[in-house]
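Beneath this line is the structure, given in structure tokens, with notes to follow.
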Amino acid sequence: MSSVHQPQAFRVGSLDRRARSARAREIAELAPWFHNLDLDGVPTAPEHFLGDYPRQFFSLFAHVLPDDLHGWSVLDVGCNAGFFSFEMWRRGAAPVIGVDADPHYLAQARYAAGVLGAPVEFAPLSVYDIGQIGRRFDLVLFTGVLYHLRHPLLALDLVRRVVGRRLLFQTMMRGEETIAQVASDYPFAARDVFGAAGYPKLHFIEHRYAGDQTNWWVPNVACTEAMLRSAGFRILAHPDTEVYLCEPDGDAEPPDLPGAFMR
Ligand SMILES: C[S@@+](CC[C@H](N)C(=O)[O-])C[C@H]1O[C@@H](n2cnc3c(N)ncnc32)[C@H](O)[C@@H]1O
């Protein structure tokens, strides 16, 4: 028999009111969030400046990845709170490993994995150290990280060494959106070529961009594509302005790396 003092069940998502406020409190303790995850109906970053990020963004390119990832291993480099790792797990990938240099985001990712019951491993690792994992992955996600790095081409070369089948890549881009035809060589006296519209350019940020001092290098489109090719990738799809799906280019020479990175 129900008591008159029994609280009315009030549910949003799969939680009753008390569980929902406990969940909201735990999420607030882990703030600030960059990924807006849905944890049993409780959003982690509902006021995100990019909207429902990265869910809306992912919808622009989700179709270039296989719906069924059973049999695929995944490495998510710069995983943040794990949105993309969880999406790959939902598609059947295993193992899924997310690495990030920031313990704050890893704490969020681990908390979210617990709530979602997702067997995704999250590890504190910089992109410069991913060789330490000691294996390749069928799919590597490297989104939103390149422009945060002081050594972007080194990072891309290191990523190349752990990609087995596919790379999903995204970077912020600025500057010209045209792509110039660039010859494989020029005479020493050819100066104008560097100023030509659509020549590959990597813009250096000495101080801040968008208030963020971790933004270092922002390529234009031509530079992004040239860097991907130079690191040994073939571009398979360009589903959104900033997003590329690539595969290892079997014909490309492996990139040279400084001795400390040759393992
Ligand atoms: C803009 S967020 C992108 C997060 C996620 N990949 C996405 O696309 O939404 C950049 C992430 O890269 C991480 N990061 C920055 N430098 C890194 C490094 N050297 N190695 C690994 N992760 C790094 C940051 O901690 C942050 O989580």
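Taking a ≥ b ≥ c as the square roots of the eigenvalues of the Cα gyration tensor of the stretch 189-263, is the shape rounded (a/c under 1.5), prolate (a/b larger than b/c) or oblate?
It comes out rounded by the Cα gyration axes.
Which GluC sites (Glu not before Pro) in the stretch 156-227 sit in a loop by DSSP (not H, G, I, E or B) and have at most 14 other Cβ atoms within 10 Å of their own Cβ?
Those satisfying the criteria are 177, 206.
With a ≥ b ≥ c the root eigenvalues of the C-alpha gyration tensor of the stretch 129-185, is it rounded (a/c under 1.5), prolate (a/b larger than b/c) or oblate?
Prolate.
Please report the net charge: other residues with Cβ closer than 12 Å to the Cβ of residue 197, K and R +1, D and E -1.
Once positives and negatives cancel, what remains is -2.
Expressed as a whole number of Å, what is the distance separating the alpha-carbon centroids of the stretch 211-254 and the stretch 27-94?
Rounded to whole Å, the Cα centres lie 21 Å apart.
So which residue, out of 151, 63, 238, gets the largest mean-square fluctuation from a GNM of the chain using Cα contacts under 10 Å as springs?
63
Whole-Hz Karplus ³J(HN,Hα) for the stretch 227-243, in order, using 6.51 cos²θ - 1.76 cosθ + 1.60 and θ = phi - 60°, x for Gly and Pro?
Taking θ as phi minus 60°, the curve returns 5, 4, 5, 5, 7, x, 10, 10, 7, 9, 8, 9, x, 9, 2, 9, 10 Hz for the stretch 227-243.
Say the dipole of the stretch 174-261 comes from +1 at the beta carbon of Lys and Arg and -1 at that of Asp and Glu; which of 261, 244, 186 then lies farthest toward its positive end?
186
With the cut-off at 1.5 for a/c, could you classify the stretch 90-151 from its C-alpha gyration tensor as rounded, prolate or oblate?
The shape class here is oblate.
In whole Å, what are the Cα extents of the chain along the three principal axes, biggest one first?
On the principal axes, the chain reaches 91, 37, 33 Å in Cα extent.
Residue-wise, which Karplus ³J(HN,Hα) couplings in Hz belong to the stretch 22-33, taking 6.51 cos²θ - 1.76 cosθ + 1.60, θ = phi - 60°, and x for glycine or proline?
With the stated coefficients, the stretch 22-33 comes to 5, 5, 4, 5, 5, 5, 5, 5, 9, 5, x, 9 Hz.
List the chymotrypsin sites (Phe, Trp or Tyr not before Pro) within the stretch 170-263 that fall in a DSSP loop (any state other than H, G, I, E or B) and whose Cβ has at most 10 other Cβ atoms within 10 Å.
Listed in order of number, the matching sites are 188.
For the chain, what is the charge dipole size about the Cα centre, in debye to the nearest 20, if Lys and Arg each add +1 at the Cβ and Asp and Glu each add -1 at the Cβ?
660
Bear in mind these aren't lab numbers, they're just calculated from the coordinates by the rules spelled out. Because the structure is a prediction, the values reported are computed rather than measured. Every residue, glycine as well, gets a Cβ built from its backbone with ideal geometry; the counts of neighbours run over all protein chains shown.
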